[in-house]
Amino acid sequence: MSLKHVNAVVVGAGAGGGVVAKELSEAGLSVVVLERGEWVSYETHGVDELINQRTTPLGNAYGPDDRSPRVVEEAPGKWSVVMPNEGAYSNNAACVGSGTVSYGAMAWRFMEKDFRMSSTYGTPDGSTLADWPISYGELEPFYEKAEQEVGVSGDMSTNPFSPPRRRPYPMPAFPYNREGLMLEAAARRLNCHPFPIPMLRNSVPYGGRNACVHNRYCCGFACPNNAKNGTHNTVIPKALATGNCEVRTRSIASEVVVDDGGFARGVRYFDGDDRAQYQTCDLVVLSGGAVETARLLLNSKSHLFPAGAGNRFDWVGRNLQGHAYSGAWGEFADETFDDVGSGATVAISDYSHGNAGLRGGAVLCNEFIRPPYLFTGVRPPGSARWGKEHKDYQRRFFKRTVTVQGPVQEMPMFEARVQADPSVRDHWGIPVARLSGHRHPHDLEIGRFISAQAERWLREAGALRTWRSVPGPGLSGGQHQAGTCRMGDDPRTSVANKFGQVHDIDNLFISDASLHVTNGGFNPVLTIMALGFWVGSYIGTAFKAGRIK
Amino acid sequence: MQKTPPSPSEGAGSALPSGDGGRAMTRRTAIKIGVVGLVGAAVGAGATGAIARLSGPRQPRWRFLTGAEASLLADICDQLIPRDDAPGAAETGAVDYIDRQLCGPYRRHRQAYRQGLDSFDRTCARVFKAPFASLAPADRIRALGLVEKGGAPAELWGDPAQQAFFNMILGHTMQGFYGSPRHGGNRDYASYRMLGLDYPQLVGQDRRGKARS
């Protein structure tokens, strides 16, 4: 039985796909969203410290499960199959809303220089660092839409490095918690410019939903009172309310069908009963995240694109990046823990750019409240890993340890990549993603600088002992995965144009972090949402004008 | 909610000795178990010295582990997170946690536990000429440190390698003791109490009043 033809199929109901689905539905297009996961809620797992999206020894609360393995090159030539709850997997989530259900919800705009990294700093050897084909100014109205429509609490009045904005945030900033107050005062003494972290979380009732009640655990968990704003409780319900949109859960996309004329004709997928289905449409938008979107393109082979859709010049899957998280830990004499969630409240952007000899940097923030199990791995170098001494440390410092860290902007690497694995297949028989490559050495230089600033900040706040944390040289990705289908003006060095339209396939679009040329020194989700509005707005207008068929 | 089987370990400490060998429970053994239940947490189940061999009959209270394996594992867990003025790992269900996961997400670790515990038992016999349970506290720490650092006789270890085995048990014990009690460990919120975390949290309670305290 064939499915009813629709105007648009959106693959993935996450940060990008949710926004695009709403934009297209409101523009009058009929839309089917294919989401591999399900609708989830707080009640699915509650506060389970061993099953959530942050600490996952017993599994991911919000998917995916072991039916979706990946392959990772752990050492040169050594390929290992990894499951979604292992760190090397680079998981995000698999559910309606994807990572936005359980994220920490920091709501950053990238800065103007983040869109012009190559012009600002020059491209280092071994990197594919480049400018975005769009400027901050072009994206600014769409950042604003994301802030207003999804809902952000914030106040940038004390951050002189904040990029220009036309409208203030729709909700006031959250107050500082105890750590935030200590660190704010210390930052001022260091002549830095602290400000409250903008959050996709309600500081006051907004959008018909509640204000945050500051549970202990937020990052990694769904919200029990719906005060955290993801696409699952904002734009996707709006899309459904138009009557034009259907969200089809447990739907595993396997291939975008591209005809001999170079047009996408539909998407093949497996439904919840593992039956093969084919949804035809006028246009396709891929929003599966940097790993899965690249994998789907690579698995979509056709006469015109034998190496995968949009992959004429071997750029699909390239430049996989995340963030080189760097920071420091500090032990304090008095309790710093006040049990007021989410815990992350204060930031400085003084080291995002303008660091001598370095290309970029990172925003620095205090961290979300850590579950005790996660804290068992937090120790100064050389500490006991077990026994009485380990237990004593847990007891003494669980409430007296603060960490400050930042998402260091990475230099993209052509060899850091996603491929379709030649032999390993998932439960549905689809070739899995395989990940390989490593970070650029400059990322670690920036990381060392950023961790030194974090350490200085903690000491000024009164830390008695501090130690630094800098990532290793291995492959990046993780929840902040980006870059694998770069947008650009030149089809030979990018996958899509500046509207997310895949070069040579006019009715195939991408709307997720795959498009990011660079990933900013900030958590990327608000930029993904802004791009969703940007791409969605373009498609809506172009489709109605008859320019996409 | 995820369904988890009810804990079979009602009552006494988590790793009762299996010394009865299947005899019908007499009034005397019942009293003995009761006493162990009261003080067993402090002395550790293996302190009775009743376990001689790892290949003993499987005890019905465990899902995967044999009684002897569970007893040895409890003794190991109690070194990783020992009792002091707060409870230790075994008495708060670390072995329950691990045994339960070995029939769930950790099914893939079954062979590593079976083989690794046997290798560890033979390591103690070879190096210390005694079962782990009868070693003095300092030697128990030494025995585990040997395996942690990869210093045990190599011929006694295959798959799992000794350090991988140690790291596996260490990680799982930490999960059991410091993780959510619903999985079998951290009984009575022992680690949360130790850390001074109120639990269970009242979901929906507005904690903003605390923000500026």
ask   = Scanning for something open to solvent by less than 40 Å² (accessible area, probe 1.4 Å), more than 26 Å from A:Pro371 (Cα to Cα) and among the polar types (S, T, N, Q), does the range A:156-173 turn up at least one residue?
value = yes
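Out of everything in the range B:105-130 that is within 14 Å of another protein chain (Cβ to nearest Cβ) and free of Cβ contacts under 8 Å to residues at least 24 places away in the same chain, what residue ends up being surrounded by the most Cβ atoms within 10 Å (Cβ to Cβ)?
At the first step, the residues of the range B:105-130 found to be within 14 Å of another protein chain (Cβ to nearest Cβ) are B:105-109.
Narrowing further to those that are free of Cβ contacts under 8 Å to residues at least 24 places away in the same chain: B:105, B:107-108.
On the way: B:Pro105: 18, B:Arg107: 11, B:Arg108: 10.
Of everything passing the filter in the range B:105-130, B:Pro105 is surrounded by the most Cβ atoms within 10 Å (Cβ to Cβ).
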note = How many residues of the range B:74-99 are part of a helix (DSSP H, G or I), more than 15 Å from B:Arg140 (Cα to Cα) and touching a Phe, Trp or Tyr at 6+ places or on another chain (Cβ under 7 Å)? The answer is 3
ask   = Inside the range A:350-387, can you point out the residues that are part of a loop (DSSP other than H, G, I, E, B), of a type in the set (A, V, I, L, M) and surrounded by 24 or more Cβ atoms within 10 Å (Cβ to Cβ)?
value = A:Ala362, A:Val363
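State which residue is least open to solvent (accessible area, probe 1.4 Å) when the search covers only the range A:278-299 and only residues that are out of contact with any Asp or Glu (no Cβ under 8 Å at 6 or more places or on another chain) and among the polar types (S, T, N, Q).
Just the residues of the range A:278-299 that are out of contact with any Asp or Glu (no Cβ under 8 Å at 6 or more places or on another chain), to begin with: A:278-285, A:291-292, A:294-295, A:297-298.
Cutting the leftovers down to among the polar types (S, T, N, Q) gives us A:279-280.
Numbers: A:Gln279: 0, A:Thr280: 39 Å².
Among them, the one singled out is A:Gln279.
With respect to A:Leu304, determine if the residue is in contact with a strand residue (DSSP E or B) (Cβ under 8 Å, 6 or more places away or on another chain), open to solvent by 10 Å² or more (accessible area, probe 1.4 Å), within 30 Å of A:Val267 (Cα to Cα) and modelled with pLDDT of 95 or more. Reasoning before the result, please.
Details: in contact with a strand residue (DSSP E or B) (Cβ under 8 Å, 6 or more places away or on another chain): yes; open to solvent by 10 Å² or more (accessible area, probe 1.4 Å): yes; within 30 Å of A:Val267 (Cα to Cα): yes; modelled with pLDDT of 95 or more: yes.
Answer is yes for this residue.
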message = Among the numbered criteria (1) outside any loop (DSSP other than H, G, I, E, B); (2) open to solvent by less than 10 Å² (accessible area, probe 1.4 Å); (3) within 14 Å of chain B (Cβ to nearest Cβ), which one does A:Ala347 miss?
response = (3)
request  = Go through (1) closer than 26 Å to A:Ala344 by Cβ; (2) touching a helix residue (DSSP H, G or I) at 6+ places or on another chain (Cβ under 8 Å) one by one and return the number of the condition A:Leu464 breaks.
outcome  = (2)
ask   = Does the range B:131-146 hold any residues that are within 11 Å of another protein chain (Cβ to nearest Cβ) and open to solvent by 70 Å² or more (accessible area, probe 1.4 Å), and which are they?
value = B:Pro137, B:Ile141
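To keep it simple, each residue is scored yes or no on (1) more than 29 Å from A:Trp132 (Cα to Cα); (2) polar (S, T, N, Q); (3) open to solvent by 10 Å² or more (accessible area, probe 1.4 Å); (4) outside any helix (DSSP H, G or I).
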residue: A:Glu389; (1), (2), (3), (4): yes, no, yes, no
residue: A:Gln394; (1), (2), (3), (4): yes, yes, no, no
residue: A:Ala420; (1), (2), (3), (4): no, no, yes, yes
residue: A:Leu435; (1), (2), (3), (4): no, no, no, yes
ask   = Any chance the range B:147-170 includes a residue that's surrounded by 15 or more Cβ atoms within 10 Å (Cβ to Cβ), within 11 Å of chain A (Cβ to nearest Cβ), under 18 Å from A:Tyr393 (Cβ atoms) and under 16 Å from the mean Cα position of the chain (by Cα)?
value = yes
Filter result for the condition that a residue is open to solvent by 10 Å² or more (accessible area, probe 1.4 Å) and touching a Lys or Arg at 6+ places or on another chain (Cβ under 9 Å), over A:Ala324, A:Ala333, A:Ala328 = A:Ala333
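The values are calculated or read from the model by the stated rules, or taken from the named source; none is laboratory data. Predicted model, so just to flag it, every value in this text is computed and none were measured. Positions of Cβ are backbone-derived with ideal geometry, glycine not excepted, and every protein chain shown enters the neighbour counts. Keep in mind that these areas ignore ligands, DNA and RNA; they rest on the heavy atoms of the full protein, side chains included. Shrake-Rupley method; radii C 1.70, N 1.55, O 1.52, S 1.80 Å.
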